[in-house]
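What follows is a short report on a single structure.
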Amino acid sequence: MRSQHPAGIRLARALSLPIALWALVALTGLPSCGGSSTASVTDSLRVRVRQLDDRPTVVDRQLLQPAAVRAYYAKHPSRAWSGGRAEQMVEAIRGVEQDGLTPSDYHLEAIQSLLDGKDKRSAGTDADLDLLLTDAVAGVIDHLRYGRVRPVSLNPAWNVDPRDDAAPLDSLLGVVAADRAPGSALTRMRPQHFVYQGLVAELDRLRRIEQAGGWPTVPAGPSLKRGARNVRIAALRRRLAVSGELAEASARDSARYDTALVAAVRAFQSNHRLNDDGVIDAGTLAALNTPVTDRIMQVRVNLERARWVLGGLAEQDEFLLVNLPAFKSYLIRSGKVAWEARVQIGQEARQTPTFRAQLRTVVFNPPWTVPPTILAEDVLKPIHEGKDVLAEKKLQVFDAQGKEVDPGSVDWDSADPANFPYTLRQPPGPGAALGRVKFEFPNPYSIYLHDTPHRELFDSESRTFSSGCIRVENPVQLAELLLAGQDGWTPAKIQQTIDKGETQHVALERRPPVLIVYWTVTVGASGVRYGPDVYSLDPPLAAALAEPPVLASISAGRRGASSRP
């Protein structure tokens, strides 16, 4: 044997394996009609796991989570998916399609090929099968719990990673592998939050509609109102019957826009965050004629966004959520909406970023310090054009020592926003930019929630009006909920404090997280609702989901570096 396998001897020594054991491992690579013994497969696994250091591939498939695979086999140095467990895991991997993921991303074809070749399997191929399954399961766990796409790759402002403080991936692998029904254990790794479950159900509903042929389009034409008669109305009935807003497609007078059809249209408009006036205008027609395939992708995109956030939240957690494209904010307690309000968000040119922070302070009668962007675009630029912005906005000027200075002493003609030595501040009061209440959560973007004197803008369908901060409706109600039970802050005391007109900062004893998210499909008490893609962020994420998954580095820690293949 020594004379016949000198290379094997050298490799065995390099791997610290006994020479006799290396000979056994080498022989297990031969096909065997009788199958492979547990010992020989285990030995092959040990060799292949060590080889991952130099080349993290198995049967030419690059592993998704090689570090987690290595860590798992270091603790469990034997076959994980013997017997019928491999077939169970294949079915579970196929099942991730219901989560909007792509089963082929998890070595499905290679795994199935190894399973189909059972008559030609050896210890080596059985080891390959086990490794691929383990890596596939690790990839599915990571993507189900935390997301397939790293959000920071699309938005550098994103600062949330639910992997932080999470259990190591190899320990989650161990939980699945140790279960008597590992396929079911894998499905339990997905978020259990009602928002996620609702999106999964909606994706299934849309795919069934797609399989049945989708919904028909409604021909273009003038706006339709209650009582109208038009040949297009028959197509409208069929369209709403397929998506479920209308109970029956036919009626005694199918060409008439009757009361039942108006109610169905209004339900559709409400579900798509449109003005629910029952009028088939251009906006409603565009929503009606959006293909079901586009809606499927929209739900898949928002399932991914939900994984970015919900993986780090427990069902019972309290948090303040602002959904930008829905123009809504919510206080969530124990999985239920405790408070809900409309919001105004940043203009297209001054988009409100998505990020996570911690709510710290409620400020009553807040002053407003002019931030750099507004200073440059909305103050200094108009001043250079001859406008009296300081008087219009009631702005005070302060020097670097915080001392108020006479605006007439400032050389406004040469004022440069990049080197402006003064701070401009608006005092609190009626009509002040921040209204009567402000909610602070420290972040690098100087974003906060606040009241606004522009309350009439809440009635607009699309509310992209601010310079980045979030104007919130009914802020006093939110303050009452956040301060309830703290230092005697009753609703009466809050109103008295506001009425005094003096600035007061109140540090919160409970500091719930603030999640500023971008979900164009949401789930709530009224069901699933679709919103506009106001910042056009859906297509980039859809494209990222269509790319090969990000691969974790072999040398990475629990979170891991990543790279594209």
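The values are calculated or read from the model by the stated rules, or taken from the named source; none is laboratory data. Here the structure is a predicted model, which is why all the values come from computation and not from measurement. Here the Cβ is made from the backbone with ideal geometry for all residues, glycine too, and neighbour counts use every protein chain on show.
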Single residue of region 96-150 satisfying the filter (part of a loop (DSSP other than H, G, I, E, B) and touching a Lys or Arg at 6+ places or on another chain (Cβ under 6 Å)) that is farthest from residue 298 (Cα to Cα): 107
Of the residues in region 268-281, those that are out of contact with any Leu (no Cβ under 8 Å at 6 or more places or on another chain) and either buried (at least 18 other Cβ atoms within 10 Å of the Cβ) or part of a helix (DSSP H, G or I) (or both) number 7
Can you give me the ranges of the helices (runs of 4 or more DSSP H) entirely in region 467-553 with at least 2 residues that are within 27 Å of the chain's Cα centre (by Cα)? 475-483, 538-546
Tell me, which residue of region 222-236 that is of a type outside the set (A, V, I, L, M, F, W, C) and not in a loop (DSSP other than H, G, I, E, B) is nearest to residue 528 (Cα to Cα)? 232
Go through region 327-371 and count every residue that is farther than 30 Å from residue 536 by Cα and either under 20 Å from the mean Cα position of the chain (by Cα) or not in a strand (DSSP E or B) (or both). 6
Could you identify the single residue in 273, 252 that is among the basic types (Lys, Arg), more than 28 Å from the chain's Cα centre (by Cα) and either over 30 Å from residue 95 (Cα atoms) or at pLDDT below 95 (or both)? 252
Can you pull out the residues in region 174-217 that are aromatic (Phe, Trp, Tyr) and under 30 Å from residue 311 (Cβ atoms)? 194, 196
Residue count, region 113-149 (criterion: within 26 Å of the chain's Cα centre (by Cα) and surrounded by fewer than 16 Cβ atoms within 10 Å (Cβ to Cβ)): 0
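Let's see how each residue does on (1) of a type in the set (Ser, Thr, Tyr); (2) under 19 Å from residue 300 (Cβ atoms); (3) assigned to a loop (DSSP other than H, G, I, E, B):
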residue	(1), (2), (3)
205	no, yes, no
215	no, yes, yes
220	no, no, yes
238	no, no, no
242	no, no, no
247	no, no, yes
266	no, no, no
Unique residue being among the hydrophobic types (A, V, I, L, M, F, W, C) and either within 14 Å of residue 330 (Cα to Cα) or at pLDDT below 95 (or both) when the list is 483, 449: 449
Complete set of residues in region 151-182 that are surrounded by 19 or more Cβ atoms within 10 Å (Cβ to Cβ), in contact with a helix residue (DSSP H, G or I) (Cβ under 7 Å, 6 or more places away or on another chain) and over 28 Å from residue 321 (Cβ atoms): 170, 173, 176, 182
Please find, among 267, 220, 260, the residue that is in contact (Cβ under 8 Å) with a residue 12 or more places away in the chain, in contact with a helix residue (DSSP H, G or I) (Cβ under 9 Å, 6 or more places away or on another chain), outside the structural domain of residue 324 (by TED's automatic domain parsing) and farther than 30 Å from residue 304 by Cα. 220
Single unsatisfied condition, residue 309 versus (1) under 26 Å from residue 354 (Cα atoms); (2) surrounded by fewer than 20 Cβ atoms within 10 Å (Cβ to Cβ): (2)
